[in-house]
Amino acid sequence: MREPEEAVQAVPGTSYRIVPLGSGPFEVATTTFRLGDMALQVGRSTPFLGFATPNPGMAVLQIPLAHAGTLLLNGMQAQRRMFGIYSEGSELLRASPRDSRYAALTLPRGNAEALLTPLGWAAPFRPGSHAYATATQEAWDRMARVVQTAERTATESPDIFENEQPRRALRHAVLDAGRELLASAVSEEGSSATVRIPRASRGRHRIVVAADAYLQAHLDHPIYTDELCDALGVSATALSEAFRAVFLVSPHRFLKYRRLHMVRAVLRDRDGPVPLVKSVALSHGFWHLGQFSHDYRAAFGETPSETLARARGLAVLEAGSVN
């Protein structure tokens, strides 16, 4: 998948928004296993920033599989063998500055509580709650083997999990591995104190969440840093510190990516009159057209005119004066 909209539609049980980091063409490859009322997703992605919230009644167990040392989860740097637990209404702000691999298990909150209650882990699945923990190497390796073997099997035999028995076997394997993962995090310290809930960055987290809410409420026009500061009632310094702590980027850079995606949405729209690339760029605040074309190609792997051509047909390659 090359489009963020396609990627987020493939995430089960979760509301997701993605902003690619623009360090190369965006690409996501996912394999999703529907296991009754649960779903296991294994995926790979180029760098991106993400906003995720489990849907009502759902919970998510997220497992970074590669490059954990460069991954930020709610402003906290992930460590090896660390996993996250998110309940409905909780927010995951994710910064992946490198290509990443991950697994995510989405399941009804009641099923998640059944897994955790015997371990004394009821708290993380209260609505709006999330937590992080570190598993033992043995438990981590077992979970990684299960999801990677499932992914490889699906690649080699695409139809195998359409059969009930293989699906049931995979479901049991995933639940058993998940239970061991959770239990190992508890047993390392002898209690659920191993669970770590971020505290220091909560204020900055709230600023970024509020910024995203404002942006989502104003999709009809490009927004700049000064407007965002005024809307949130924060200084430019506070806004910058929040975005750098949570996403490793400045608000200016984040908003530029957002405007690039707004341009792309217009160019990919197949309805109405054929737009001029130059006019679309200018209307979204890109006055340096050479830099715009360079940034657009870096983010999407094609020129703006090529995007327009794919959406409308080759005859419109010269529709605008910006390549």
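The values are calculated or read from the model by the stated rules, or taken from the named source; none is laboratory data. Every value quoted in this text rests on a predicted model; they were computed, and no experiment measured them. In this analysis, Cβ positions are derived from the backbone assuming ideal geometry, glycine residues included, and neighbour counts consider all displayed protein chains. Note: accessible area is taken over every heavy atom of the protein model, side chains too, but ligands, DNA and RNA are not part of it. Shrake-Rupley method; radii C 1.70, N 1.55, O 1.52, S 1.80 Å.
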Measure of exposure for Asp99: accessible area at 1.4 Å probe, Å² rounded to 10, is 90 Å²
With all protein chains in place and a 1.4 Å probe, His252 shows an accessible area in Å² (nearest 10) of 120 Å²
Residue-normalised value, i.e. accessible area per residue, for the chain at 1.4 Å probe, in Å², stands at 46 Å²
The rounded separation in angstrom of the Cα centers of the stretch 246-273 and the stretch 121-174 is 34 Å
Taking protein heavy atoms only, a 1.4 Å probe, and rounding to whole percent, the accessible area of the chain owed to carbon and sulfur comes out at 51 percent
Helix 289-300: inclination vs the chain longest Cα principal axis, degrees, rounded to 10, gives 30 degrees
Full extension between Ala66 and Glu302 adds, at 0.36 nm per residue less the Cα distance, a length in nm of 82.2 nm
Under the helix-only model (-39500 (n - 2.57) for each DSSP H run of 4 or more, divided by the residues of the chain), the mean residue ellipticity at 222 nm, to 500 deg cm²/dmol, is -13500 deg cm²/dmol
The relative contact order of the chain, taking Cα pairs under 8 Å that sit 6 or more residues apart, comes to a percentage of 16 percent
In degrees, nearest 10, the alpha-carbon axis of helix 164-187 is tilted away from the dominant principal axis of the alpha carbons of the chain by 80 degrees
Relative to the chain, whose Cα atoms define the longest principal axis, helix 236-247 and its Cα axis are tilted in degrees, nearest 10, by 50 degrees
About its Cα centre, the chain carries a charge dipole, from +1 on Lys and Arg Cβ atoms and -1 on Asp and Glu Cβ atoms, whose size in debye to the nearest 20 is 460 debye
